[in-house]
Amino acid sequence: MPRRTWLREYFAEPDLSFDYDADAFTARSALLNQKLKTLKLPLAGADTILLKINRDFLDNKQPSKTEAQKNENHVLTVPANLLAWIQAYQDRIAEYDADLNLFVPSQKPAIYDRARLYAATIDDVPNAVDALAEKGFAVMSETGRITEIQQQDQSLQLLVWVVGLGVFLFGILTVFSVLMDSTDRKRSAIGIMRVMGMSRAGVFTTILLRATVIGAAAAILSLLCGWGLGLFLGWSSPPEYQWLHWKPVVSIHMNQFDVVLVFAGAMICCGLGAIPPAWKASRLDPFDAIVEGRFR
């Protein structure tokens, strides 16, 4: 305690008072005839506190007769916060850590020693594990297995994109071949429409419109087939249907992005495949087309 504090005069041993910033695990002794450096202070339990004796301020002071009589009683002065911690130890609010030589709060018994946490998707599990670990929770999860599944999923996604691109290119080639063959077989009809006044742009638009109808029909049919296949794979067969027990139960969700992607892919596929036949048909000479169409 600072020397200017007015409470100092009320101490039985004013020279033994502490400053506010003093080390809590120290003590000052009134035994001037002993050079104590450390002292073991037993607690109410089985723990023992190791205190450092601070007598530097009394090294140059000679004991008087009155002080010599007082030295018959072992007097120790310790900081107030150490007394507060000892009281908390006795009240079982704090525990003494001998390795750290510190008082630590007593661990409260957990109401629930374990809990089960569910993530929305398997991709959210690593993030949930990291968040719990940062808060000091012990987590048991199949994070390694999930990482392997995610890597396999990325490989499968790449494979799906490669197969989808191949199907897209094959669809363009198929539409091109079908419309090119149809245009060649209907050269006479195209020539007649041109003679009757249809413009080149009209012929081009007509063939492109046919391709649009084909693409829309293909997109709707593909989505219906995918939706029906998803229902079939997610359907669990009743016990009486023994011959259907081989079928696995797979949950399939069709996202709006997937529906839009399938529909747009079908339309773009048919549109790109129809441009060369439409351009060729719009460039035909009407009279040559009528003559060539009769001899085909």
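The values are calculated or read from the model by the stated rules, or taken from the named source; none is laboratory data. Being a predicted model, the structure only gives us computed values, none of them experimental. All Cβ positions, glycine included, derive from the backbone under ideal geometry; neighbour counts span all protein chains shown. For accessibility, only protein heavy atoms count, side chains too; no ligands or nucleic acids. Shrake-Rupley method; radii C 1.70, N 1.55, O 1.52, S 1.80 Å.
Could you grab me the full set of residues in the stretch 125-144 that are over 14 Å from the mean Cα position of the chain (by Cα) and surrounded by 11 or more Cβ atoms within 10 Å (Cβ to Cβ)? If the condition is that a residue be over 14 Å from the mean Cα position of the chain (by Cα) and surrounded by 11 or more Cβ atoms within 10 Å (Cβ to Cβ), then F137, V139, E142 are the ones that fit. Output the qualifying pairs, or none if there are none: Cβ atoms under 7 angstrom, residues six or more apart or on different chains, first residue in the stretch 135-148 and under 10 Å from V125 (Cα atoms), second residue open to solvent by 60 Å² or more (accessible area, probe 1.4 Å). That search, which allows pairs on different chains as well, returns I146/I122. Filter the stretch 117-131 for residues that are closer than 17 Å to I149 by Cα and assigned to a loop (DSSP other than H, G, I, E, B) and give the result. Within the stretch 117-131, A119, A120, T121 qualify. Would you mind stating whether V160 is under 30 Å from P276 (Cα atoms) and exposed (fewer than 11 other Cβ atoms within 10 Å of the Cβ)? Yes.
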